[in-house]
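Novice: I have a structure I would like to understand better, so I am pasting it below and will then ask my questions one at a time.
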Amino acid sequence: MTAIVDPINRFARKVPTWVVYIGYLLPIPFFFYLAATGGMGVEPINALEREMGEIALQLLIIGLAITPLRKHAGLNLLKFRRAIGVLAFVYVGVHLGIWVVLDMSLRWEQMWGDIWKRPYITIGMIAFLAMIPLAATSNNYSVRKMGATAWRKMHKLVYPIAALGAVHFIMVQKVWEAEPLIYLAVILGLVGLRYIPSQKATGVASKG
Amino acid sequence: GALGGTVHAQETLEPNTLEEIRSYNNFYEFGTGKSDPAANAGDMVTDPWEVTVDGLVDNPGTYALQDLIGDLTVEERIYRFRCVEAWAMVIPWNGFELADLLNKVGVKEGATHVAFETAVIPEVMPGVRRRVIDFPYVEGLRLDEAMHPLTMMATGIYGEPMANQNGAPMRLVVPWKYGFKSIKSIVRITLTDEQPPATWNIINPREYGFYSNVNPQVDHPRWSQASHRVIGGGLFSAREDTLMFNGYPEVASLYDGMDLTVDY
């Protein structure tokens, strides 16, 4: 294991976090360009909305995987976790913005009704609102001010947020589709991993 | 005929392009994604094609498609097409009135409904192999709905033979109902004296009623039906208001005395 993990860890130490920000922010204008020029099919609004939502879910999953990867595989990507979380919030924000402006054409009355009446939209909106305090406190100043323990406790909110996001995705479908169910299964699996002690703690790690 | 519903709104209906009509489809036999039918339907062989007509008819039997419809008058009708998913297209169909076909096979006394069935060909239908829903896909109409002059059987679009993903070689078109009622690639037509089963109604009766008339006042439980977006307007295409009966008010008398919030 260490033969693979160590070089990745060494490489990760050298990569600055802004690379992750750029790597995930640049696709946003690219997808808008694709959508505007016919590259996302004849219904680009829905395609773009869905793409942004899916990337947000993927980022949430990556963010949730960082701790288990370190605990169980020795892979240390901790320094990227904040960037991943902030980027997930950005993608959710873009996803929501597309819904409000492009999909619903600013029909406020219909949107307001939908937020209360349609459970999948209610759930999506709750997940978005719950992300706001997390994004707002994703900086060193907030960690210092809140204290590391309280900060960590609050940021555990990301587990229910990710699960709500996956449920939101499942509920948009007309039938039980595999893809959204896989997202939810992966998220629940990552939650479950939190309760499995690390190899070091149990002393079963093989000598390598 | 006078092109039915196109008369009062002829100027406002701008048809979608053939490319749009052929690239954005729901046809679960070929997959649940909007581009799946265009990608997967090409292997379905639609010539020769047989259609079984049975039940309460004078001339039941299994017909080669041409023998069944070859002598019917084909005309073009530009209809709005409103999907239950709150998107819409405008489609220039080529076809004939369903009533002409039903009169030809002879509807027997006592028939009240017409049932339809889509082909099931697992070898060329990946959605069927994956059993994404129960197949065959079935749909039905009340006999007076089926005989209404707006109701047609389409065999082409834009004067060209219908693409497989659009329901070749013959599909139903009921412009005042949500698109899923307009069943594709029909292999069976049954005249019956009871309300026939309808696939989406079986899957989720709360969300999809037997009638499924386009109705901006009756929401789908998971989304509003008050507005929709016409496909093809690009990234900044605005929603438009959905009209009662999809803008075909001449069918309203079919439902006199019915509560359409109950019989949705």
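The values are calculated or read from the model by the stated rules, or taken from the named source; none is laboratory data. Because the structure is a prediction, the values reported are computed rather than measured. So basically every Cβ, Gly included, is an ideal-geometry build from the backbone, and we count neighbours across all protein chains shown. Protein only, heavy atoms only, side chains kept; ligands, DNA and RNA dropped before computing areas. Shrake-Rupley method; radii C 1.70, N 1.55, O 1.52, S 1.80 Å.
Novice: Could you say which residue among B:ALA38, B:ALA9, B:ALA88, B:ALA99 is hydrophobic (A, V, I, L, M, F, W, C) and modelled with pLDDT under 95? Before you say what the answer is, go through the steps one by one.
Specialist: Values: B:ALA38 fails: modelled with pLDDT under 95; B:ALA88 fails: modelled with pLDDT under 95; B:ALA99 fails: modelled with pLDDT under 95.
Checking each option against the conditions leaves just B:ALA9.
Novice: Which one of these is within 14 Å of chain B (Cβ to nearest Cβ) and touching a residue at least 40 places away in the same chain (Cβ under 8 Å): A:VAL5, A:VAL86, A:VAL20, A:VAL94? Explain how you work it out, then say what you get.
Specialist: Values: A:VAL5 fails: within 14 Å of chain B (Cβ to nearest Cβ); A:VAL86 fails: within 14 Å of chain B (Cβ to nearest Cβ); A:VAL20 fails: within 14 Å of chain B (Cβ to nearest Cβ).
Within the list A:VAL5, A:VAL86, A:VAL20, A:VAL94, the selection yields A:VAL94.
Novice: What are the pairs with Cβ atoms under 6 angstrom where one residue, in the stretch B:40-58, is within 26 Å of B:ASN26 (Cβ to Cβ) and the other, located anywhere, is polar (S, T, N, Q) and part of a strand (DSSP E or B)? Sequence gap at least six, or different chains.
Specialist: B:GLU50/B:THR62; B:THR52/B:THR62
Novice: To continue, here is another question. Of all strands (runs of 3 or more DSSP E) completely enclosed by the stretch B:132-237, which ones contain at least 3 residues that are out of contact with any Lys or Arg (no Cβ under 7 Å at 6 or more places or on another chain) and either without any contact (Cβ under 8 Å) to a residue 40 or more places away in the chain or within 28 Å of B:ASN40 (Cα to Cα) (or both)?
Specialist: Working: elements: B:138-142, B:152-157, B:171-173, B:186-192, B:227-230.
It comes to B:152-157, B:186-192.
Novice: Here is a follow-up. Report the residue count in the stretch A:135-147 for those that are open to solvent by less than 50 Å² (accessible area, probe 1.4 Å) and either among the aliphatic types (A, V, I, L, M) or at positive phi (or both).
Specialist: 3
Novice: Okay, moving on. Mind checking which residues of the stretch B:212-231 are more than 19 Å from the chain's Cα centre (by Cα) and either on the phi > 0 side of the Ramachandran plot or among the aromatic types (Phe, Trp, Tyr) (or both)?
Specialist: B:TRP223
Novice: For A:ILE132, state whether it is within 14 Å of chain B (Cβ to nearest Cβ), open to solvent by 30 Å² or more (accessible area, probe 1.4 Å) and within 18 Å of the chain's Cα centre (by Cα).
Specialist: Considered against the rule, which asks whether it is within 14 Å of chain B (Cβ to nearest Cβ), open to solvent by 30 Å² or more (accessible area, probe 1.4 Å) and within 18 Å of the chain's Cα centre (by Cα), A:ILE132 comes out as no.
Novice: Mind listing whichever residues of the stretch A:143-192 are without any contact (Cβ under 8 Å) to a residue 12 or more places away in the chain and not in a helix (DSSP H, G or I)? Please lay out each step first, then the result.
Specialist: Going through the stretch A:143-192, the residues without any contact (Cβ under 8 Å) to a residue 12 or more places away in the chain turn out to be A:143-150, A:152-153, A:156, A:173-179, A:181-182, A:185, A:189, A:192.
Passing the criteria: A:GLY147, A:LYS156, A:GLN173, A:LYS174, A:VAL175, A:TRP176, A:GLU177.
Novice: Continuing with this model, one more query. State all residues of the stretch B:143-190 that are among the β-branched types (Val, Ile, Thr) and either under 18 Å from B:LEU18 (Cβ atoms) or surrounded by 23 or more Cβ atoms within 10 Å (Cβ to Cβ) (or both); if no residue qualifies, say none.
Specialist: B:THR151, B:THR155, B:ILE157, B:VAL173, B:VAL174, B:ILE183, B:ILE189
Novice: When the stretch B:102-131 is examined, which residues are found to be assigned to a loop (DSSP other than H, G, I, E, B), under 25 Å from B:VAL45 (Cα atoms) and open to solvent by 70 Å² or more (accessible area, probe 1.4 Å)?
Specialist: Listed by number, the residues that qualify are B:ARG130, B:ARG131.
Novice: When you scan the stretch A:153-168, do you find a residue that is within 14 Å of another protein chain (Cβ to nearest Cβ) and surrounded by 13 or more Cβ atoms within 10 Å (Cβ to Cβ), even just one?
Specialist: Restricting attention to the stretch A:153-168, the residues satisfying the condition of being within 14 Å of another protein chain (Cβ to nearest Cβ) are A:167-168.
From the residues that got through so far, the ones that are surrounded by 13 or more Cβ atoms within 10 Å (Cβ to Cβ) too are A:167-168.
Yes, the stretch A:153-168 contains at least one residue that is within 14 Å of another protein chain (Cβ to nearest Cβ) and surrounded by 13 or more Cβ atoms within 10 Å (Cβ to Cβ).
Novice: Considering only residues that are assigned to a helix (DSSP H, G or I), out of contact with any helix residue (DSSP H, G or I) (no Cβ under 7 Å at 6 or more places or on another chain), open to solvent by less than 70 Å² (accessible area, probe 1.4 Å) and of a type in the set (A, V, I, L, M), which ones fall in the stretch A:9-24? Write out each step before concluding.
Specialist: Of the residues in the stretch A:9-24, the ones assigned to a helix (DSSP H, G or I) are A:9-14, A:17-24.
Then drop every residue that is not out of contact with any helix residue (DSSP H, G or I) (no Cβ under 7 Å at 6 or more places or on another chain), which leaves A:9-14, A:18-19, A:22-23.
Restricting the remaining residues to those that are open to solvent by less than 70 Å² (accessible area, probe 1.4 Å) gives A:9, A:12, A:19, A:23.
Those that are assigned to a helix (DSSP H, G or I), out of contact with any helix residue (DSSP H, G or I) (no Cβ under 7 Å at 6 or more places or on another chain), open to solvent by less than 70 Å² (accessible area, probe 1.4 Å) and of a type in the set (A, V, I, L, M): A:ALA12, A:VAL19.
Novice: So which residues in the stretch B:23-33 are closer than 14 Å to A:GLU179 by Cβ and either facing another protein chain (nearest Cβ under 8 Å) or β-branched (Val, Ile, Thr) (or both)? If you could, list the steps in order and put the result at the bottom.
Specialist: First pass over the stretch B:23-33, keeping only residues closer than 14 Å to A:GLU179 by Cβ: B:31-33.
The answer is B:THR32, and nothing else.
Novice: Run down A:ILE66, A:ILE28 and say which single residue is surrounded by fewer than 19 Cβ atoms within 10 Å (Cβ to Cβ), among the aliphatic types (A, V, I, L, M) and away from chain B (no Cβ under 11 Å).
Specialist: Values: A:ILE66 fails: surrounded by fewer than 19 Cβ atoms within 10 Å (Cβ to Cβ).
Being surrounded by fewer than 19 Cβ atoms within 10 Å (Cβ to Cβ), among the aliphatic types (A, V, I, L, M) and away from chain B (no Cβ under 11 Å) holds for just one of A:ILE66, A:ILE28, which is A:ILE28.
Novice: Let me ask something else. How many residues does the stretch A:31-42 hold that are in a helix (DSSP H, G or I), aliphatic (A, V, I, L, M) and open to solvent by less than 50 Å² (accessible area, probe 1.4 Å)? Talk me through it step by step, then tell me what you get.
Specialist: Initially, the stretch A:31-42 is screened for residues in a helix (DSSP H, G or I), giving A:31-36.
Keeping just the survivors that are aliphatic (A, V, I, L, M) gives A:34-36.
Now restrict to residues that are open to solvent by less than 50 Å² (accessible area, probe 1.4 Å): A:34-35.
The total comes to 2.
Novice: Just give me the residues in the stretch A:110-119 being exposed (fewer than 14 other Cβ atoms within 10 Å of the Cβ) and either at positive phi or facing chain B (nearest Cβ under 9 Å) (or both), in sequence order. Break it down into steps so the answer makes sense when it comes.
Specialist: First pass over the stretch A:110-119, keeping only residues exposed (fewer than 14 other Cβ atoms within 10 Å of the Cβ): A:112, A:115-116, A:119.
The one that is exposed (fewer than 14 other Cβ atoms within 10 Å of the Cβ) and either at positive phi or facing chain B (nearest Cβ under 9 Å) (or both): A:PRO119.
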